[in-house]
Amino acid sequence: MSVPILDVVDLHAAYGRIEVLRGVDLSVPKGAVMALLGPNGAGKSTLVKVISGQKEATSGDIHLAGVHVRNAKSDDLARVGLCTVPEGRSVFPNLTVEENLRLMSYAGVPTAAILETAYSYFPRLHERRNQLAGTMSGGEQQMLAMSRALASDPALLLLDELSMGLAPLIVEELYDTVARIAESGVSILCIEQFARTALRVSDYAAVMSGGRIVATGEPGEILDTMADVILGGAA
């Protein structure tokens, strides 16, 4: 069996005396899309912060493509292929779409390649290329945030609450693009509160509750056995 792109073992993390991650075990196979589901307060976003180097773990291990990376810095993780699209979309609102994308060239990626990738996945961004990012819709800003992440040619893409605040049709469109990105060979971990759309494009799913992974399996199996947990908010 090949080495997983991400392997999390007995991971613990806390805010002060309150333990939020209580022994998380999670493995994402190379080339797969995995949905990480669960209700608010399950610990999903804290797990993303720890994996992506934004918060230190108190114990446990994280391996990225076999390399131990627990408590590595975010910029070091980016250099070895981990990229995160955080909850709430991270774009520069007072810059145009194209200016937002061109900023990624400072990481050493040719501007032409950045623009080609962005506009091929999201033609709407080409239409909006001279528009200030802050004046676009939430869905378009999410497209821009994803494009900026893809500019770094990630091996593993973490998508934290992609659907946050967006209309269902836009969410469907974004997840169709997630499936296309995965077809290019990028491994993807989608952290979602709203389950059905993420499960539609996922190869595997994991369910988090109370700071632990309580179930893993194929999407249909998870939907059948854990519907009460993962569909508690909305489908």
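So D7 passes all but one of these: (1) in contact with a helix residue (DSSP H, G or I) (Cβ under 9 Å, 6 or more places away or on another chain); (2) part of a strand (DSSP E or B); (3) not small (G, A, S). Which condition number does it fail?
Result: D7 fails condition (1) only.
Please list, ordered by residue number, the helices (runs of 4 or more DSSP H) wholly in region 73-127 having 1 or more residues that are among the hydroxyl-bearing types (S, T, Y), under 22 Å from D160 (Cβ atoms) and touching a residue at least 40 places away in the same chain (Cβ under 8 Å).
Values: elements: 74-79, 97-102, 111-121, 123-127.
Qualifying helices (runs of 4 or more DSSP H): 111-121.
Could you please let me know if G41 is at positive phi, touching a helix residue (DSSP H, G or I) at 6+ places or on another chain (Cβ under 6 Å), without any contact (Cβ under 8 Å) to a residue 40 or more places away in the chain and not charged (D, E, K, R)? Don't jump to the end; show me each part of the working.
Values: at positive phi: yes; touching a helix residue (DSSP H, G or I) at 6+ places or on another chain (Cβ under 6 Å): no; without any contact (Cβ under 8 Å) to a residue 40 or more places away in the chain: yes; not charged (D, E, K, R): yes.
No: the conditions fail for G41.
Which residue out of S163, S152 is part of a loop (DSSP other than H, G, I, E, B), in contact (Cβ under 8 Å) with a residue 12 or more places away in the chain and touching a Phe, Trp or Tyr at 6+ places or on another chain (Cβ under 6 Å)?
Values: S152 fails: touching a Phe, Trp or Tyr at 6+ places or on another chain (Cβ under 6 Å).
When all the criteria are applied, what remains is S163.
Which residues, counting only those in region 195-235, are surrounded by fewer than 20 Cβ atoms within 10 Å (Cβ to Cβ), modelled with pLDDT under 90 and not in a helix (DSSP H, G or I)?
L231, G232, G233, A234, A235 - these are the residues of region 195-235 that are surrounded by fewer than 20 Cβ atoms within 10 Å (Cβ to Cβ), modelled with pLDDT under 90 and not in a helix (DSSP H, G or I).
Give region 28-87 a look and list any residue that's among the aliphatic types (A, V, I, L, M), under 11 Å from the mean Cα position of the chain (by Cα) and more than 22 Å from I18 (Cβ to Cβ), or say none.
Selection gives V33, M34, A35, L82, V85.
Within region 118-148, work out how many residues are more than 16 Å from N94 (Cα to Cα) and in contact with a Gly (Cβ under 9 Å, 6 or more places away or on another chain).
1
Would you check if E172 is part of a helix (DSSP H, G or I) and free of Cβ contacts under 8 Å to residues at least 24 places away in the same chain? Before the answer, list the steps.
Details: part of a helix (DSSP H, G or I): yes; free of Cβ contacts under 8 Å to residues at least 24 places away in the same chain: no.
It is false that E172 is part of a helix (DSSP H, G or I) and free of Cβ contacts under 8 Å to residues at least 24 places away in the same chain.
The values are calculated or read from the model by the stated rules, or taken from the named source; none is laboratory data. Small disclaimer: the values here were computed from a predicted structure and weren't measured. Methodologically, a virtual Cβ is constructed for each residue, glycine included, from the backbone with ideal geometry; neighbour enumeration extends over all protein chains shown.
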